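In what follows, a single structure is set out as structure tokens and then discussed.
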Amino acid sequence: MTMDPAAELGADGAPASSPAAPPRSGFFGDFLNPVLVKEIRQSQRGKVFAISLIVTVLLALLACTIMALEITDRTAQPGRDFFAAVYAFLCGAVLLVVPFQAFHAMGSEWDDHTFEMLVLSNLKPRQIVVGKILAGFVQALLFFAAFMPFLAVAFLLRGVDVLVLAVILGLTAFASLWLTTVSIMFSTLTRNRFLRVIMMVMLGGALVGTIAAASGLGNELMRQPDQITDWQFWLAMPQLLAVATFGGFLALFISCNVLSHAEENRSTNVRVLISVGTLLFLIAMAVNATVPTPRMPREPLFGLTIFAMFGLALAGVFLCTEPDRLGRRVAPTVPKSGVAALLTLPWFPGRGRGVLFFLLHVAALVVGALCLAAFTGGRGMTIVGSSGYVDNDPIMNDGGLGLLVAAVYVLLYTLLPIGICSLFLGTSDRSRKIVRVLAILSPAFFILAPAVLGLLIGSGPMRDMWHVGNGPLMIGESFDGSLYDPEAFVFLILPLVLVGLLLALPSVFRALRETSRLSSGKETAAAAPSTEA
Amino acid sequence: MTSALEVRGITKEFGATKAVDNVSFSLDAGEICGFIGPNGAGKTTTMRIVSTLELPDRGDVFVDGVSVLGSAREVRAKIGFMPDAYGAYSATTVMEYLDFFARAHGLRGRARAHTIASVIDFTALHPLATKNIDALSKGMKQRLCLAKTLLHDPKLLILDEPAAGLDPRARVELRELVSALGDSGKAVLLSSHILTELAEVCDSVAVIEAGKLQAKGRVDDMMRETRAHADVVCRVLGDAEAALRTIAEMPHVTGARLDQGNITFSFTSGDQERAQLLAELVRRGVQPLDFAARDTNLEDVFLSVTQGTLQ
């Protein structure tokens, strides 16, 4: 500072005149995330954490005391009952209180007008979000530590397998971390207090449901510990954890992007994550189609790929409705080499680039799944012989056609509504939000509008939603290789998809032109007006 | 030399409303600039753009030569923004609050302890260091916020209505702090509705109305400019009617009238000409008892520059 501190320093660097030195944190404390330090200090002083810790521990103690009084010589393995009671309260603490507090901690940054002060400091949005997630995790660990004596008692009372206990506690800690991340993401989505209250109620309901599910799953694993020694458990669990981790990172990136400056690149990290997720998905499918015996049949392979494609479509709605042009802070980061600029183009923000990214990944999923089905030796499930799946149906009859039809509907439900709505609603921030909502709701429109028409004109099949607008019906019907109403599909659905692609084409050309100009240095970053928001 | 702040033609629209319309001005190091304008004139929006919190639709802002559009993070290291609605964390002491923001600004170890002690000394927050923020008065919270704003030694301070809601003593103390900051070489952009206080602390003022910058200049110059159209009150010995006729004939005099024995008129020229007028009146036999121009203050400057346009 240019002000003269005029203060003599004490041994720790704080002036001797200072009545209270800054809280000490040691050498490593200096390198801790400041938000983590602040949140922990606040929760130490705050009432919520202390009260919830005391209440849950007292309730667990009460439950254990009651159960201890009921133990008789004939009670078999009372440790399991102890565990069930203690674990329910532990779940309540780490799967409800901790995520809820994280949601509140993020929301209070808006309500208390402190967020802008954080933004103006040296902290990056990532540090703010990660600090709050870690603070939640530290609180969860404190709850685990507080419950450890109860769990030890449950173990000593017999009936609790150490490996199962470790797996359950590990999964619970992971779930707490995941729920905290997702809760923070929801809290960043709106600064409107009313909307946040609605979100809080919904989140509360979801978290209570999660507690019930986790508690049930924990007890199930505890009562049937053999499940954990089954190799299938260890094949499935990493894949489930990978999916959850992907979701967690997506939530983290979304939170960071929402908090970052409007001119920053808010899209590339999500795009890269989706690309990595797509690759991991295909690798997981390849493992499942080659490693286990019997190998994963083609139908679930295609079925899971279809689910992945619809997940991609949801992300695609956001990517394909971004502002057309690159922000003023993003434009200078376009590679100067023409080839590199072209190759990295789909991973940069912007509507046209989003369309390319979306098409590229849909194609990757379709081609990847078909190649896996063709080359990994997987078979269909239609004929099950004594040695496994032995049918020799062509791929198209084992769900391949369903996959292709699904790709068509994914494009139909995404590109067509976005293209049409953008034509009429423009490209302002507000319009983009409306387009996104309409695009997400468009499958319902495609399914229900013909049904209403069928009701009016007295067409039974249409009224019963047996029509080509019903994507799930068409995908399901085509899974065995036969297409429902092929004429309508070819002469109505495919042309509509083509219209969607044509409507997206101008933005793709604009993106190509802009990238070309930026990479050749004809357009400077300062000259590029920002529309990024 | 690079200006501490250069606002270059910024425009910001919120729907159909132009909150800021092609505003340009600059501040040198050590300059304390009062940013004045009616409610909704665009002061806060301009300050938020300078602070990188809002983006201009057009134009750019340079802090110490660094663009807010191109390098927001670099700019943030150079500015200290004290918003009108500043926040304070609950269940946190003054020292913890400052420690957190010092960490957030990347200060570590002894440097952090030293800096916190410095700002506490400067803002005289010693007795409150271990107090919970919730228990502080508004004036003390304002000091704490200023202390937090100073932690990273910013070159430019942006203070949005810092004196709002403060009692007279706290306002005087805040004014002294701001003056000291200006003396230490920091540029300060300060908005306030209390114009008399701004006049005492500011080197220059920028007047904004309906999103447009109406005037920007040194306080003395602007007052002098306003004083050129000053209302003069003259009391004479003897025949006031005759004196009124004489005065009305003089150059630069308009609207001369007799009001309860006093002759009042507008004089549309500078101090030199006014002295010549007095000498000429005496030469023509008028015997002035009092001859005074009403003191010009920032309110006069403000009223003469603005038109009361609402948006």
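Condition first: assigned to a helix (DSSP H, G or I), at pLDDT 90 or above and facing chain A (nearest Cβ under 7 Å). Can you find one or more residues in the range B:120-136 that meet it? Yes: one or more hits. Scanning the range B:228-255 for residues that are in a strand (DSSP E or B), under 34 Å from the mean Cα position of the chain (by Cα) and on the phi < 0 side of the Ramachandran plot turns up B:Ala230, B:Asp231, B:Val232, B:Val233, B:Cys234, B:Val253, B:Thr254. In the range B:143-171, the qualifying residues are those that are out of contact with any Leu (no Cβ under 9 Å at 6 or more places or on another chain) and not in a loop (DSSP other than H, G, I, E, B), and the one that is nearest to A:Glu116 (Cα to Cα) is B:Cys145. Has the range A:101-122 got any residue that is more than 9 Å from every other protein chain (Cβ to nearest Cβ), under 21 Å from A:Ala154 (Cβ atoms) and part of a helix (DSSP H, G or I)? Within the range A:101-122, not a single residue is more than 9 Å from every other protein chain (Cβ to nearest Cβ), under 21 Å from A:Ala154 (Cβ atoms) and part of a helix (DSSP H, G or I). Residues that are over 19 Å from A:Phe115 (Cα atoms) and either of a type outside the set (Ser, Thr, Tyr) or touching a Phe, Trp or Tyr at 6+ places or on another chain (Cβ under 8 Å) (or both) within the range B:69-94 comprise B:Leu69, B:Gly70, listed in sequence order.
Looking at A:Thr268, A:Thr321, A:Thr344, just one residue is free of Cβ contacts under 8 Å to residues at least 24 places away in the same chain and within 30 Å of B:Asp57 (Cα to Cα), and that residue is A:Thr344.
Of all residues in the range B:160-172, those that are under 23 Å from B:Ala206 (Cα atoms) have Cβ atoms under 7 Å from Cβ atoms of residues that are among the acidic types (Asp, Glu), 6 or more apart or on another chain, in B:Asp160/B:Asp84; B:Glu161/B:Asp84; B:Ala163/B:Glu197; B:Ala164/B:Asp84; B:Arg171/B:Glu197.
Summed over the range B:144-190, residues that are within 12 Å of chain A (Cβ to nearest Cβ) and β-branched (Val, Ile, Thr) total 2.
For beta carbons closer than 7 Å, sequence separation of 6+ or different chains, a first residue in the range A:51-69 that is of a type in the set (Ser, Thr, Tyr) and a second that is open to solvent by less than 90 Å² (accessible area, probe 1.4 Å), the qualifying pairs are A:Ser52/A:Ala93; A:Ser52/A:Val97; A:Thr56/A:Phe89; A:Thr56/A:Gly92; A:Thr56/A:Ala93.
The residue pairs whose first member lies in the range A:133-162 and is in contact (Cβ under 8 Å) with a residue 40 or more places away in the chain and open to solvent by 60 Å² or more (accessible area, probe 1.4 Å), whose second member is among the polar types (S, T, N, Q) and part of a loop (DSSP other than H, G, I, E, B), and whose beta carbons are closer than 9 Å, counting only pairs six or more residues apart or on different chains, are A:Leu134/A:Asn33; A:Arg158/A:Gln77.
Scanning the range A:214-242 for residues that are open to solvent by less than 70 Å² (accessible area, probe 1.4 Å), in a helix (DSSP H, G or I) and in contact (Cβ under 8 Å) with a residue 24 or more places away in the chain gives A:Ala214, A:Ser215, A:Gly218, A:Asn219, A:Leu221, A:Met222, A:Ile228, A:Leu235, A:Gln239, A:Leu241, A:Ala242. Restricting the search to helices (runs of 4 or more DSSP H) fully inside the range A:394-466 and requiring at least 3 residues that are out of contact with any Gly (no Cβ under 9 Å at 6 or more places or on another chain) and modelled with pLDDT under 90 gives A:400-425, A:429-457. Given the structure, is A:Phe302 of a type in the set (Phe, Trp, Tyr) and touching an Asp or Glu at 6+ places or on another chain (Cβ under 8 Å)? Answer is yes for this residue. A:Val339 falls short on exactly one of the conditions (1) open to solvent by 30 Å² or more (accessible area, probe 1.4 Å); (2) within 14 Å of chain B (Cβ to nearest Cβ), and that condition is (2).
For A:Phe491, the test of being in a helix (DSSP H, G or I), open to solvent by less than 70 Å² (accessible area, probe 1.4 Å) and of a type in the set (Phe, Trp, Tyr) is failed. Checking the structure you have, find out if any residue of the range B:7-17 is away from chain A (no Cβ under 14 Å) and modelled with pLDDT of 90 or more. Checked against the condition, which is being away from chain A (no Cβ under 14 Å) and modelled with pLDDT of 90 or more, the range B:7-17 yields at least one hit. Scanning the range B:94-118 for residues that are modelled with pLDDT under 90 and more than 7 Å from chain A (Cβ to nearest Cβ) returns B:Leu107, B:Ala111.
I'd like to verify a number: residues in the range A:86-118 that are farther than 30 Å from A:Thr56 by Cβ and open to solvent by 20 Å² or more (accessible area, probe 1.4 Å), how many? The qualifying residues number 2.
The values are calculated or read from the model by the stated rules, or taken from the named source; none is laboratory data. This is a predicted model, so every value here is computed, not measured. Methodologically, a virtual Cβ is constructed for each residue, glycine included, from the backbone with ideal geometry; neighbour enumeration extends over all protein chains shown. Please note that ligands, DNA and RNA were not included when accessible areas were found on the heavy atoms of the full protein model with its side chains. Shrake-Rupley method; radii C 1.70, N 1.55, O 1.52, S 1.80 Å.
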